[in-house]
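**Student:** Quick one: the structure is below, questions incoming.
The values are calculated or read from the model by the stated rules, or taken from the named source; none is laboratory data. Note that this is a predicted model, so its numbers are computed, not measured. Backbone-built Cβ (ideal geometry, glycine too); neighbour counts: all protein chains shown. The accessibility values were calculated without ligands, DNA or RNA, using every heavy atom of the protein model including side chains. Shrake-Rupley method; radii C 1.70, N 1.55, O 1.52, S 1.80 Å.
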Amino acid sequence: MIDPSIYFGYYVSEFEKVYISLIEKELDVFFSTCLKSAETYSAIIANKPSLHNKEIFEQLVLSSKTIENFLENIILKVNEQFNNNANDLQINYEYVNSFDFNKYNTFLENTIKNFTTTQIVTKVSERIVDFAISSIFDMLCPDIMINNLCDKIISGKKVLHKNNLQNQVKRHDKLIYKQIEGLLINVKTNLRNQLIKVFIISINISENMEELVSIA
(Lines give C-alpha, C1' and ligand atoms only; values in the text may rest on other atoms or scores of the structure.)
Protein backbone atom coordinates (compact mmCIF):
# COMPACT_ATOMS: atom_id res chain seq x y z
CA MET A 1 0.00 0.00 0.00
CA ILE A 2 1.30 3.47 -0.93
CA ASP A 3 1.54 5.77 2.06
CA PRO A 4 -0.87 8.72 1.49
CA SER A 5 1.61 11.02 3.23
CA ILE A 6 3.70 10.95 0.03
CA TYR A 7 1.08 13.12 -1.64
CA PHE A 8 0.23 15.44 1.24
CA GLY A 9 3.16 17.78 0.69
CA TYR A 10 2.01 18.45 -2.86
CA TYR A 11 -1.76 18.25 -2.89
CA VAL A 12 -3.18 19.41 0.44
CA SER A 13 -3.94 22.96 1.48
CA GLU A 14 -2.36 24.74 4.44
CA PHE A 15 -5.70 24.44 6.22
CA GLU A 16 -5.63 20.66 5.76
CA LYS A 17 -2.00 20.46 6.90
CA VAL A 18 -3.03 21.95 10.25
CA TYR A 19 -5.59 19.18 10.65
CA ILE A 20 -2.99 16.55 9.75
CA SER A 21 -0.52 17.96 12.30
CA LEU A 22 -3.17 17.84 15.01
CA ILE A 23 -4.07 14.25 14.15
CA GLU A 24 -0.44 13.14 14.24
CA LYS A 25 0.18 14.91 17.55
CA GLU A 26 -2.83 13.23 19.17
CA LEU A 27 -1.77 9.84 17.79
CA ASP A 28 1.75 10.29 19.23
CA VAL A 29 0.38 11.06 22.70
CA PHE A 30 -2.12 8.21 22.64
CA PHE A 31 0.29 5.53 21.44
CA SER A 32 3.17 6.64 23.68
CA THR A 33 0.88 5.72 26.59
CA CYS A 34 0.08 2.38 24.96
CA LEU A 35 3.80 1.62 24.55
CA LYS A 36 4.46 2.29 28.23
CA SER A 37 1.61 -0.04 29.12
CA ALA A 38 3.05 -2.63 26.74
CA GLU A 39 6.28 -2.64 28.77
CA THR A 40 4.31 -3.53 31.91
CA TYR A 41 2.29 -6.20 30.12
CA SER A 42 5.40 -7.77 28.58
CA ALA A 43 7.13 -8.01 31.96
CA ILE A 44 4.07 -9.62 33.55
CA ILE A 45 3.61 -12.20 30.79
CA ALA A 46 7.32 -13.02 30.54
CA ASN A 47 7.34 -13.89 34.25
CA LYS A 48 4.02 -15.74 34.14
CA PRO A 49 2.91 -16.64 30.57
CA SER A 50 -0.36 -18.19 31.80
CA LEU A 51 -1.69 -14.69 32.59
CA HIS A 52 -1.85 -13.78 28.91
CA ASN A 53 -5.41 -13.34 27.65
CA LYS A 54 -7.55 -10.95 25.67
CA GLU A 55 -9.16 -9.27 28.68
CA ILE A 56 -5.89 -8.40 30.43
CA PHE A 57 -4.30 -7.23 27.16
CA GLU A 58 -7.22 -4.93 26.39
CA GLN A 59 -7.29 -3.63 29.94
CA LEU A 60 -3.57 -2.85 30.13
CA VAL A 61 -2.53 -2.08 26.54
CA LEU A 62 -5.19 -1.46 23.90
CA SER A 63 -8.77 -2.31 22.99
CA SER A 64 -11.34 -1.42 20.36
CA LYS A 65 -13.18 0.64 22.98
CA THR A 66 -10.14 2.77 23.82
CA ILE A 67 -9.59 3.41 20.12
CA GLU A 68 -13.23 4.43 19.71
CA ASN A 69 -12.92 6.82 22.65
CA PHE A 70 -9.75 8.25 21.13
CA LEU A 71 -11.53 8.86 17.81
CA GLU A 72 -14.41 10.61 19.55
CA ASN A 73 -12.00 12.85 21.49
CA ILE A 74 -9.97 13.79 18.44
CA ILE A 75 -13.12 14.86 16.58
CA LEU A 76 -14.09 17.07 19.52
CA LYS A 77 -10.62 18.62 19.66
CA VAL A 78 -10.60 19.33 15.94
CA ASN A 79 -13.99 21.04 16.12
CA GLU A 80 -12.94 23.10 19.15
CA GLN A 81 -9.60 24.01 17.56
CA PHE A 82 -11.16 25.32 14.40
CA ASN A 83 -14.28 26.94 15.83
CA ASN A 84 -16.67 24.37 14.41
CA ASN A 85 -15.45 24.79 10.83
CA ALA A 86 -15.70 21.04 10.55
CA ASN A 87 -18.74 20.64 12.70
CA ASP A 88 -20.31 17.99 10.49
CA LEU A 89 -17.35 15.61 10.38
CA GLN A 90 -18.49 12.01 10.56
CA ILE A 91 -16.32 8.92 11.08
CA ASN A 92 -17.38 5.35 10.54
CA TYR A 93 -15.66 3.66 13.49
CA GLU A 94 -15.80 0.23 11.90
CA TYR A 95 -14.02 1.62 8.84
CA VAL A 96 -11.36 3.55 10.74
CA ASN A 97 -10.81 1.12 13.60
CA SER A 98 -8.12 -1.28 12.36
CA PHE A 99 -7.47 -3.03 15.66
CA ASP A 100 -8.07 -6.79 15.46
CA PHE A 101 -6.97 -8.48 18.69
CA ASN A 102 -8.17 -11.95 17.63
CA LYS A 103 -5.84 -11.99 14.63
CA TYR A 104 -2.89 -10.72 16.64
CA ASN A 105 -3.71 -12.89 19.64
CA THR A 106 -3.05 -16.08 17.63
CA PHE A 107 0.39 -14.81 16.70
CA LEU A 108 1.27 -13.86 20.26
CA GLU A 109 -0.34 -17.03 21.59
CA ASN A 110 2.08 -19.22 19.63
CA THR A 111 5.05 -17.22 20.91
CA ILE A 112 3.90 -17.50 24.51
CA LYS A 113 3.33 -21.26 24.18
CA ASN A 114 6.94 -21.63 23.07
CA PHE A 115 8.07 -19.47 25.98
CA THR A 116 6.09 -21.58 28.42
CA THR A 117 7.68 -24.80 27.20
CA THR A 118 11.17 -23.28 27.29
CA GLN A 119 10.71 -21.93 30.80
CA ILE A 120 9.36 -25.24 32.15
CA VAL A 121 12.29 -27.18 30.65
CA THR A 122 14.78 -24.62 31.99
CA LYS A 123 13.25 -24.64 35.48
CA VAL A 124 13.33 -28.44 35.62
CA SER A 125 16.92 -28.46 34.34
CA GLU A 126 18.02 -26.05 37.06
CA ARG A 127 16.38 -28.20 39.75
CA ILE A 128 17.99 -31.38 38.39
CA VAL A 129 21.42 -29.74 38.38
CA ASP A 130 20.88 -28.39 41.91
CA PHE A 131 19.79 -31.81 43.16
CA ALA A 132 22.73 -33.54 41.47
CA ILE A 133 25.26 -31.07 42.86
CA SER A 134 23.78 -31.28 46.37
CA SER A 135 23.84 -35.10 46.26
CA ILE A 136 27.46 -35.19 45.12
CA PHE A 137 28.62 -32.84 47.89
CA ASP A 138 26.63 -34.82 50.47
CA MET A 139 28.54 -37.91 49.44
CA LEU A 140 31.96 -36.24 49.30
CA CYS A 141 31.63 -33.96 52.30
CA PRO A 142 28.89 -34.33 54.93
CA ASP A 143 29.69 -30.96 56.52
CA ILE A 144 26.49 -28.88 56.25
CA MET A 145 28.22 -25.47 56.29
CA ILE A 146 30.60 -26.46 53.50
CA ASN A 147 27.72 -27.92 51.48
CA ASN A 148 25.69 -24.69 51.82
CA LEU A 149 28.69 -22.68 50.69
CA CYS A 150 29.21 -24.94 47.70
CA ASP A 151 25.53 -24.66 46.78
CA LYS A 152 25.92 -20.88 46.59
CA ILE A 153 29.04 -21.13 44.44
CA ILE A 154 27.79 -23.89 42.12
CA SER A 155 24.11 -24.03 41.15
CA GLY A 156 21.87 -24.90 38.24
CA LYS A 157 21.36 -21.20 37.60
CA LYS A 158 25.11 -20.60 37.31
CA VAL A 159 25.77 -23.76 35.31
CA LEU A 160 23.15 -22.82 32.69
CA HIS A 161 24.45 -19.22 32.78
CA LYS A 162 23.01 -17.35 29.75
CA ASN A 163 20.35 -20.01 29.31
CA ASN A 164 19.13 -20.01 32.90
CA LEU A 165 15.53 -19.18 33.77
CA GLN A 166 16.24 -15.60 34.80
CA ASN A 167 17.90 -14.76 31.49
CA GLN A 168 15.20 -16.64 29.57
CA VAL A 169 12.54 -14.43 31.17
CA LYS A 170 14.50 -11.28 30.25
CA ARG A 171 14.75 -12.37 26.61
CA HIS A 172 11.08 -13.31 26.50
CA ASP A 173 10.16 -9.92 27.98
CA LYS A 174 12.00 -8.10 25.19
CA LEU A 175 10.56 -10.29 22.44
CA ILE A 176 6.97 -9.96 23.67
CA TYR A 177 7.39 -6.18 23.85
CA LYS A 178 8.82 -6.04 20.32
CA GLN A 179 5.84 -7.95 18.98
CA ILE A 180 3.34 -5.73 20.78
CA GLU A 181 5.28 -2.66 19.63
CA GLY A 182 4.96 -3.87 16.03
CA LEU A 183 1.21 -4.25 16.47
CA LEU A 184 0.88 -0.75 17.94
CA ILE A 185 2.92 0.81 15.13
CA ASN A 186 0.71 -0.88 12.53
CA VAL A 187 -2.48 0.22 14.26
CA LYS A 188 -1.16 3.77 14.63
CA THR A 189 -0.18 3.96 10.94
CA ASN A 190 -3.54 2.60 9.79
CA LEU A 191 -5.46 4.98 12.04
CA ARG A 192 -3.37 7.92 10.84
CA ASN A 193 -4.00 7.17 7.16
CA GLN A 194 -7.70 6.50 7.66
CA LEU A 195 -8.24 9.58 9.85
CA ILE A 196 -6.45 11.88 7.44
CA LYS A 197 -8.42 10.46 4.53
CA VAL A 198 -11.74 10.90 6.32
CA PHE A 199 -10.92 14.41 7.53
CA ILE A 200 -9.72 15.65 4.12
CA ILE A 201 -12.79 14.23 2.40
CA SER A 202 -15.03 15.88 5.01
CA ILE A 203 -13.21 19.20 4.66
CA ASN A 204 -13.53 19.11 0.87
CA ILE A 205 -17.25 18.30 1.13
CA SER A 206 -17.70 21.18 3.57
CA GLU A 207 -15.82 23.58 1.29
CA ASN A 208 -17.83 22.49 -1.75
CA MET A 209 -21.07 23.01 0.16
CA GLU A 210 -19.96 26.52 1.11
CA GLU A 211 -19.21 27.30 -2.54
CA LEU A 212 -22.63 26.04 -3.61
CA VAL A 213 -24.34 28.12 -0.92
CA SER A 214 -22.41 31.25 -1.93
CA ILE A 215 -23.31 30.74 -5.59
CA ALA A 216 -26.96 30.20 -4.72
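**Student:** Taking Thr106 and the conditions (1) modelled with pLDDT under 90; (2) over 16 Å from the mean Cα position of the chain (by Cα); (3) under 30 Å from His172 (Cα atoms), which numbered condition does it fall short on, given that it satisfies the others?
**Tutor:** For Thr106, the exception is condition (2).
**Student:** Is it true that Ile144 is surrounded by fewer than 12 Cβ atoms within 10 Å (Cβ to Cβ) and either basic (Lys, Arg) or modelled with pLDDT of 75 or more (or both)? Steps first, please.
**Tutor:** Numbers: surrounded by fewer than 12 Cβ atoms within 10 Å (Cβ to Cβ): yes; either basic (Lys, Arg) or modelled with pLDDT of 75 or more (or both): no.
It is false that Ile144 is surrounded by fewer than 12 Cβ atoms within 10 Å (Cβ to Cβ) and either basic (Lys, Arg) or modelled with pLDDT of 75 or more (or both).
**Student:** Right, next: Hydrophobic (A, V, I, L, M, F, W, C), open to solvent by 20 Å² or more (accessible area, probe 1.4 Å) and at pLDDT 75 or above - does that describe any residue in region 53-63? Break it down stepwise before answering.
**Tutor:** To start, the set of residues in region 53-63 that are hydrophobic (A, V, I, L, M, F, W, C) comprises 56-57, 60-62.
Next cut, open to solvent by 20 Å² or more (accessible area, probe 1.4 Å) only: 56, 60.
Then keep just the ones that are at pLDDT 75 or above; that gives 56, 60.
Yes, region 53-63 contains at least one residue that is hydrophobic (A, V, I, L, M, F, W, C), open to solvent by 20 Å² or more (accessible area, probe 1.4 Å) and at pLDDT 75 or above.
The rows are residues; the columns are (1) loosely packed, with under 13 Cβ neighbours inside 10 Å; (2) assigned to a helix (DSSP H, G or I); (3) modelled with pLDDT of 90 or more.
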residue	(1), (2), (3)
Lys25	yes, yes, yes
Asp28	yes, yes, yes
Ala43	no, yes, yes
Lys65	yes, yes, no
Glu68	no, yes, no
Leu71	no, yes, no
Ile74	no, yes, no
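**Student:** Report, ordered by the first and then the second residue, all pairs with beta carbons closer than 7 Å, sequence separation of six or more or different chains, a first member in region 165-183 that is farther than 14 Å from Thr116 by Cα, and a second member that is open to solvent by less than 30 Å² (accessible area, probe 1.4 Å) and not in a helix (DSSP H, G or I).
**Tutor:** Ile180/Val61
**Student:** Looking at (1) among the charged types (D, E, K, R); (2) farther than 15 Å from Ile176 by Cα; (3) at pLDDT 90 or above, which is the only condition Glu39 fails?
**Tutor:** (2)
This table checks each residue for (1) at pLDDT 85 or above; (2) of a type in the set (D, E, K, R); (3) open to solvent by 20 Å² or more (accessible area, probe 1.4 Å).
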site: Asn167; (1), (2), (3): yes, no, yes
site: Asp173; (1), (2), (3): yes, yes, yes
site: Tyr177; (1), (2), (3): yes, no, yes
site: Lys188; (1), (2), (3): yes, yes, yes
site: Leu195; (1), (2), (3): no, no, no
site: Ser202; (1), (2), (3): no, no, yes
site: Ile205; (1), (2), (3): no, no, yes
site: Asn208; (1), (2), (3): no, no, yes
site: Val213; (1), (2), (3): no, no, yes
